[in-house]
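One structure is given here, and the rest of the page talks about it.
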Amino acid sequence: MKPIYGTGDDLLHKKINITGGRIVYSTSRIGLLACVPGHLTARTWEQLWKFVQRCWNFKMAKILIVDDSAFARNSLRMIFESGGHEVVGRAADGEQAVQLFKSLHPEIVTLDYLMAGKNGEEVLKEIIQYDPSARVIMLSGSGDSTIEERALQIGAKLYMEKPIVQRDILKVIDQVLKI
């Protein structure tokens, strides 16, 4: 395998910086991870990453974002990646959401309620029918309390009102991972 070189920009999704032969894990959860000479192969990199997850009970979620707003999808992607999570897919409508859920098997789905075509409730029903243990967080900016009740009855794990605050959604992701 080819050695991995760089200052961290090419490894940004892992939140790791490689400088001067040292690996520094830079989040609030972990300080210095390891100090190794030379360059890392992809295999060594994966072994170190698994070590971090085991030692610090760090759980990086694989997330599918479903929202008809490109701005919302990109904002959520940036929030999740800044929190160390991996966005495995982004869907702009209900049909695409169900297809991506079935093919990608994400650990968590963030699902907007108000979308053209299939709304979030219809998509949630399909996802739960396909996988009853699916972890879906329903998002809505409508302010209608009946949406929250219906979403939780159908099988959503949590409900959040928009606009989304970064620290709140990251806490919710951590909560849902423990379910």
> What list of ³J(HN,Hα) values in whole Hz, one per residue of segment 103-113 in order, does the Karplus curve 6.51 cos²θ - 1.76 cosθ + 1.60 (θ = phi - 60°) give from phi, with Gly and Pro shown as x?
Replying inline: 8, 9, 6, x, 7, 9, 10, 9, 10, 6, 7
>> Give me, ordered by chain and number, the residues 5 or more places off A91 or on other chains with an amide H under 5 Å from its own placed amide H.
In response: I65, V66, D67
> What residues have an amide H closer than 5 Å to that of V136, excluding those fewer than 5 places away on the same chain, when H is modeled at 1.01 Å from N in the peptide plane?
Replying inline: V109, K157, L158
> Taking segment 62-177, how many lysine pairs are there with alpha carbons less than 19 Å apart, if each pair must be eight or more places apart or span two chains?
Replying inline: 9
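How long is the gain from Q99 to V165 if the chain were fully straight, where each residue apart is worth 0.36 nm and the alpha carbon distance is subtracted?
Numbers: separation 66, 0.36 × 66 = 23.76 nm, distance 2.81 nm.
Computed gain between Q99 and V165 is 21.0 nm.
Less than 13 Å Cβ to Cβ from R90, Lys/Arg counted +1 and Asp/Glu -1: what total charge do the surrounding residues give?
Numbers: positive: K62, R73, R77; negative: D67, D68, E81, E86, D93, D112.
Combined, the nearby Lys, Arg, Asp and Glu give -3.
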>> Apply the Karplus curve 6.51 cos²θ - 1.76 cosθ + 1.60, θ = phi - 60°, to the phi angles in segment 62-72 and return the couplings in whole Hz, x for Gly and Pro.
In response: 9, 10, 9, 9, 10, 7, 7, 8, 4, 4, 5
> How much FRET efficiency would the formula 1/(1 + (r/R0)^6) give for I179 and F71, where r is the Cβ-Cβ distance and R0 is 25 Å, rounded to 0.05?
Replying inline: 0.30
> Each residue of segment 97-102 in turn: what ³J(HN,Hα) in whole Hz from Karplus with 6.51, -1.76, 1.60 and θ = phi - 60°, glycine and Pro shown as x?
Replying inline: 4, 5, 4, 5, 4, 5
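Every number here is computed from the coordinates shown, using simple stated rules; none is lab data. Computed from a predicted model, the values in this text were never measured in an experiment. Please note: Cβ atoms are built from the backbone with ideal geometry, for glycine as well, and neighbour counts cover all protein chains shown.
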